[in-house]
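Values in this text are rule-based calculations from the coordinates and carry no lab data. In this text the structure is predicted, and so the values were computed from the model without any measurement. Virtual Cβ from ideal backbone geometry, glycine too; neighbours counted across all protein chains shown.
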Amino acid sequence: MDEKRPLILVVDDVAMNRALLSDVLSDKYNIIEAENGNEALLLLREKTSEISLVLLDMVMPERDGLEVLTIMNKNGWISEIPVIMISGETAHALIEGAYMLGVTDFIARPFDEMVLKNRVNNTIRLYKKQKSLSDLVLNQIYEKTRNNSMMVTMLSHIVEFRNGESGMHVLHINTITEMLLRELTHRTKKYQINRNNIGIICTASSMHDIGKITIPDEILNKPGKLTPEEFEIMKKHTVNCAQMLDAVPIGKDEPLMKYAYEICRWHHERWDGKGYPDGLKGDEIPIAAQIVSIADVYDALTSERCYKHAYTHEKALEMIHNNECGVFNPILIECLNAIADKLVSALQTFDWSKQADKDFFYIADAMMNDQRHPIYNQAFRQFIDERKKCHFFESTLNGILFEYTYTPPVMKLSSKASQKLGLPKTILIEENETNRADTSLDKASAENLEKIEKILNRHTTPKDKPFLIKQTFNIDGKSTPCNVKVLQIWTHSPNENPVLTSTYGYIDTLQ
Amino acid sequence: MTLSEFYSTLGESLDEVLVRLRMESRIAKYLGLFLSDPSFSELKTAFASNDAKTAFRAAHTLKGVAANLGLNKLSATSSELTEDLRPGAFTANSQALFEKVEHDYNAAVTGIKQLDG
């Protein structure tokens, strides 16, 4: 009894039939019953990832077995949940129809108990194996995406830091590139960009300036204007990068490599052919490079650099329109106009921790829409939906959310929470409090942090219910009485003492 | 009357059902439940109210339930009626086929009521 007993949904309009099936199967399985097609569909929707097998009758009122199967196909459940049809039906065409709709097996009435049990066993075992394999793949993909995106980010940050820039530039380019690409795909099919490519191009965009590691410090970080000779050297970062990528012995045919090459080499080309290094013109310039080029210019204009102050969003758009900073593909200017309103807030609220998730969503999306290898993994979908749901709920709440894991001791705050409490979004809580003294927190924020820590370090015993604490926090500069609802999660391992793993909190301001 | 006697009276075989359902107690339990299964009365009502669709479904159900319990005659006559009604309308034969079903159903019910325990 180590493992949970699999759950079987028995669908039959005849109470006796359901009772008989439960009777035969209930020693090894948990059974839920539905007495018509509609009820079955409701249960399927509610417990999609719990149900291991459906035993389905053919002739029923309120949607018959074939209708249930049709809907299971439409929702992609049929490839997740095996269905065995049990029926006294003998009409060849109907039985064939059931197979066509994806039933794993057809058992005719009257059935033999032993045969039924074995077919049920085998089917569940087979699907379980398949599912554990696809979960394994899923987890690996998620890990891999996260690691990939982390590596690329680390690499590009190193370059940015040498540039004396904050690293925000790379993140901005990423965001702008993504928004432009999405807009572009709505407007034209000309460039053959699919969802999967969008993720890859965004990742590649982070690398647009890695060639700058070949540029000497004196030139790269010179505060004044560059001499023509110096500028010639500076321009080399494009071809130098292309050379570096060429020298990488692996991944020659990978899309990421292809896009990175295009972007690195050609993001300073101009639509009118007067750019560098190759003087490409119009759509001779690969579209990925064109997009990163306009994103780069916009972000350079709106950011402060060692040689210039920051222009406003409006001024930057105006300058791009008037070809003051290069000449761009007219359709990309249209795209930039279309996203202009959303752009400012998107760049301000950029959430770094969501970047890897975003890449993951792209890959997930692409996988699920790939007709050659359809993956209708329900757990997968739910996983994605849960994440989206969390982001959404968080955005609609009035109060302040925090979450804390004990190993590593990291507290995460939503953007709103971080703003209101005056604390960073991610905080490593060191045991040694003396380290705190030199942080840049002001007194009010430091007090907030202390109070939250006190809540986190309360000595409690395992329980499943949330508890309530009254506490005053400094919110928007004012001392505000609050209710803090806290939920603690403990490990459930039966053999060991429970360990506190995480704490979730909701700070409700009393006004 | 024992289970074995019950089946022989109806011209059926207990052994055939035992092979499939394993336990005499289980068979007895479901024969008992058969008395409260509404399929036959639904069939009758459907005939009375000229509802061929419901009649088809009820006959279909009766056929399956009877087959599971080894009431093969009832299953066979229900099956004939099912096929007769499949197109969704009563035919010239429907009433006669229904009467055969009714006969077999009543025979089974009478027998079940006389079972020991």
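Cβ crowding within 10 Å, taken as a proxy for footprinting-reagent exposure, orders A:LYS416, A:LYS252 from fewest neighbours to most as A:LYS252, A:LYS416. When a/c reaches 1.5 or more, the comparison of a/b and b/c decides; with that in mind, is segment A:220-341 rounded, prolate or oblate per its Cα gyration tensor? Oblate, because a/c is 1.5 or more while a/b does not exceed b/c. Can you list the aspartates and glutamates whose alpha carbon sits under 16 Å from that of A:LYS416, skipping same-chain ones fewer than 8 residues off? Hits, sequence-local ones excluded: A:ASP351, A:GLU394, A:GLU403, A:ASP476, A:ASP508. Using the Cβ of B:VAL109 as centre and a radius below 12 Å, the other residues enclosed give a net charge of -2, where K and R count +1 and D and E count -1. Of A:ILE285, A:ILE250, A:ILE158, the sequence from fewest to most neighbouring Cβ atoms within 10 angstrom is A:ILE250, A:ILE158, A:ILE285.
In order along segment A:10-21, the Karplus-derived 3J(HN,Hα) couplings, from 6.51 cos²θ - 1.76 cosθ + 1.60 at θ = phi - 60°, round to 9, 10, 7, 7, 9, 3, 4, 5, 5, 4, 5, 5 Hz, and Gly and Pro are given as x.
A simple rule links phi to the HN-Hα coupling: the Karplus curve 6.51 cos²θ - 1.76 cosθ + 1.60 with θ = phi - 60°, which for segment A:92-106 gives 3, 4, 5, 5, 4, x, 4, 5, 4, 7, x, 5, 6, 8, 10 Hz, with x for Gly and Pro.
Given R0 = 30 Å, the distance between the Cβ atoms of A:VAL137 and A:ASN73 translates into a calculated FRET efficiency of 0.85. Distance distribution P(r), chain B, all Cα-Cα pairs, bin width 10 angstrom from 0: 15, 47, 27, 11, 0 percent. Take the Cα of B:ASP15, step 7 Å toward its Cβ, do the same at A:CYS390, and the gap between the two points is 6.4 nm. Residues A:TRP490, A:TRP271, ranked from the fewest to the most other C-beta atoms within 10 Å, line up as A:TRP490, A:TRP271.
Kirkwood radius and radius of gyration were both taken over the C-alpha atoms of segment A:398-509, and their ratio Rg/Rh is 0.98.
In this simple spin-label approximation, A:ASP508 and A:ASP217 carry label points 7 Å from Cα along the Cα→Cβ vector, and these lie 5.6 nm apart.
Among beta bridges from DSSP that stay inside the protein assembly as shown, the antiparallel ones total about 65%.
Only helical runs count toward this figure. For the protein assembly as shown, summing -39,500 (n - 2.57) over DSSP H runs of n ≥ 4 and dividing by all residues gives -17500 deg cm²/dmol at 222 nm.
Model label sites at A:ALA444 and A:SER26, defined 7 Å from Cα along the beta-carbon direction, differ in position by 6.3 nm. All Cα-Cα separations within chain A were binned at 20 Å from zero, giving a P(r) of 17, 38, 33, 11, 1, each value a whole percent of the pairs. Considering only GluC sites (Glu not before Pro) in DSSP loops that have at most 10 other Cβ atoms within 10 Å, the longest stretch of chain A without any of them is A:4-430.
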